[in-house]
Amino acid sequence: MRSEWKRKELSFLVIYALAFYTFIIHRSLQLSSDHEAKLYGLRSGWFLPPRPNDLSDSQWRNFRGNLPILTVVFGIFAVLANSLRAFFGLKAKGMSFVWLFISLAYLSYLHGACTIFVLSLAMVNFLLVKIFARTRYFSFVIWGFNIFFLICNRVYEGYSFSTIGQRWAYLDNFRGTFRWHICFNFVVLRMISFGYDYHWAHEDSRFDQKKHNQSCRICKSGKTCYQFLQERSIAVDNFSITIYLSYLVYAPLYIAGPIISFNAYASQLNMPQNNFKIQDVSWYGLRWIFSFFLMELLTHLFHYNAFAISGLWELLSPVDMFIIGYGVLNFMWLKFYLIWRYFRFWSLVCGIEVPENMPRCINNCYNLETFWKNWHASYNKWLVRYLYIPLGGTRRKLLNVWVVFTFVAVWHDLEWKLLSWAWLTCLFFVPEMVVKSMSNATKAETAVGEILYREFRAVAGAITITCLMVANLVGFVIGPSGINWLISHFLTRKGLPVLGGMFITFYVGTKLMFYIDDAKKRKD
């Protein structure tokens, strides 16, 4: 009886989802076509002429425009590095020289003379780590130095050589093609990772290798998982200046990540990754090409981001505003998915495995914890290892989440809208953590209790998804000043039915995610 009810419920949920996306696609096509002439950032299309292509997002436009040259450059780098490793049998120190040479050539093109700033700050950080790693002041020194320059780099927009002295002013004419202080945000994460991994290398390891090997599917199969590479302490002589610098400027991951810990990087310099065979990497690349064409289809048919950039969506009805907001978030997800997977692909080709940044679709996350574990997942792993756990971990969870998200906002940029996004996320996070603790303490023991518990989780999921939409729209689209405007548009006679429809849709979506999770559990 229960399985029959679940089958009928699943059928209803699927039909509702199909109807929802049919309406979204139809209305999105209408909106894009009707307002095409008023939107900013549209370019002549090639994929579906004569429809224009939405290239209003500068990050996507630059990445897409530089794809041919990036692919040629990384292809040459991969052939050179892999050939030298195979011909000379190079290990960690030898490969660090190879990657340092290749990456410095890459940086010289990107930053020109400003490469001096990157290397100078890197060298100071190296000295501080070596001096203070075994002292009780280490955490204050490493965090103080890196946060100070993270902020200064933004405030002074990468500095000017003329401030050092007029004799150096001519170097300002050779600043390269890419602003160094933008990329340096990732370098900061690597400098902190190097510092802590060196600091922990002098302490007794808390990692139970035997217990891990018994429970990890990957390690059981004879391969080596990323967690093992990260948590296992490596020999102190691997913390050399050449390996350190090659880690900071490793070309395939330099611009955008994904983020890898120093331990994992140094281990794979010595022994290239063995989890992905040639056919696996090739299939990974083909899937990326398919996803790229999916993005081209999306930006030709639906001009979501152009609506946000043009400010035109503020004049739309509440239901159309929801469609554009939902579309913008999906566009952002697919954009970062493509950028991160592209650089991860080249890192895999070169023998370095890094965590997948988008392992789960944005439309398959119904709580904040799952969302943040699957959106920029490598950054999440970094935050947990180097910030959350040193702050006290779960013992101070309600306090730590505010520190972590404030750092994430500052790390991205010095903007009030990002701080607003961070603090809104924390406000939504705290109730979820409290409810989760309570629900774990009171498990349903009867069939009726289990059904009620599942319904409660679905309602909570719908609320969470709504909160996530609001937080991300505030942080990346409308800013904190737009909160009142957003509320005033939805708490109206026309807006309230849309709000109710959104909630029902997210409730249905959450229940569908339950079925997806159940299917995965059965498969595992």
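Binned at 10 Å from 0, what are the whole-percent values of the Cα-Cα distance distribution for the stretch 1-138, short to long?
Taking all Cα pairs of the stretch 1-138, the binned fractions are 8, 17, 18, 17, 17, 18, 5, 0 percent.
Provide the per-residue ³J(HN,Hα) series for the stretch 398-413, in order, calculated from phi with Karplus coefficients 6.51, -1.76, 1.60 and θ = phi - 60°, each as a whole number of Hz, with x at glycine and proline positions.
Going residue by residue, I get 5, 8, 4, 4, 5, 5, 4, 6, 5, 4, 4, 5, 5, 4, 5, 4 Hz, with x marking Gly and Pro.
With every protein chain left in place and a probe of 1.4 Å, what is the accessible surface of SER33, to the nearest 10 Å²?
For SER33, the solvent-accessible surface is approximately 70 Å².
At a probe radius of 1.4 Å, what is the per-residue accessible area of ARG232, in Å² to the nearest 10?
Roll a 1.4 Å probe over it and ARG232 shows about 80 Å².
What stretch of the chain, leaving out the sites themselves, is the longest with no chymotrypsin sites (Phe, Trp or Tyr not before Pro) in a DSSP loop having at most 10 other Cβ atoms within 10 Å?
Answer - 138-524.
Which whole-Hz ³J(HN,Hα) couplings does the stretch 341-352 yield from phi under the Karplus relation 6.51 cos²θ - 1.76 cosθ + 1.60, θ = phi - 60°, glycine and proline marked x?
5, 4, 6, 5, 4, 5, 5, 5, 4, 8, x, 10
Rounded to two decimals, what is Rg over Rh for the stretch 319-439 when you use alpha-carbon atoms and the Kirkwood radius?
0.99
List the trypsin sites (Lys or Arg not before Pro) within the stretch 139-202 that DSSP assigns to loop and that have no more than 15 neighbouring Cβ atoms inside 10 Å.
Those that pass, being in a loop and sparsely packed, are ARG179.
Per residue, how large is the accessible surface of the stretch 192-232? Use a 1.4 angstrom probe and give square angstrom.
Each residue of the stretch 192-232 exposes 60 Å² on average to a 1.4 Å probe.
Considering all alpha-carbon pairs of the stretch 180-238, what whole percent are spaced by more than 12 angstrom?
Counting every Cα pair in the stretch 180-238, those more than 12 Å apart make up 73 percent.
Give me the extension gain from TYR21 to ALA105: residue separation times 0.36 nm, minus the current Cα-Cα distance, reported in nm with one decimal.
Gain in length upon complete extension: 25.5 nm.
Roughly how many debye, to the nearest 20, is the charge dipole of the chain about its Cα centre, given +1 on each Lys and Arg Cβ, -1 on each Asp and Glu Cβ, and no other charges?
Magnitude of the dipole: close to 1040 debye.
So, for the stretch 383-430, what is the accessible surface per residue at a probe of 1.4 Å, expressed in square angstrom?
Here the per-residue accessible area is 48 Å².
At 1.4 Å probe size, what's the solvent-accessible area of GLU432? Round to the nearest 10 Å².
For GLU432, solvent-accessible area is about 30 Å².
Within the accessible area of the stretch 1-146, what % is carbon and sulfur when the probe is 1.4 Å and the other protein chains stay in place?
Carbon with sulfur: 70 percent of the solvent-accessible area.
Would you list, by chain and number, the aspartates and glutamates whose Cα falls below 19 Å from the Cα of LYS91, excluding same-chain residues fewer than 8 positions away?
ASP237, GLU353
Once you order the gyration tensor axes a ≥ b ≥ c over the Cα atoms, which shape class does the stretch 54-199 get: rounded for a/c under 1.5, otherwise prolate or oblate by comparing a/b with b/c?
The shape class here is oblate.
Give the long-range amide H neighbours of ASN53: residues separated by 5 or more places, or on another chain, with amide H under 5 Å away, using H modelled in the peptide plane at 1.01 Å from N.
ARG43, SER44, GLY45
Putting +1 on Lys and Arg Cβ atoms and -1 on Asp and Glu Cβ atoms, find which of LEU512, PHE186, TRP340 reaches farthest to the positive end of the dipole of the chain.
Farthest along the dipole direction, towards plus: LEU512.
The values are calculated or read from the model by the stated rules, or taken from the named source; none is laboratory data. Quick caveat: nothing in here was measured; it's all calculated off a predicted structure. Cβ coordinates were reconstructed from backbone atoms using ideal geometry, including for glycine residues, and neighbour counts include every protein chain displayed. Side chains included, ligands, DNA and RNA excluded: accessible areas come from the protein's heavy atoms. Shrake-Rupley method; radii C 1.70, N 1.55, O 1.52, S 1.80 Å.
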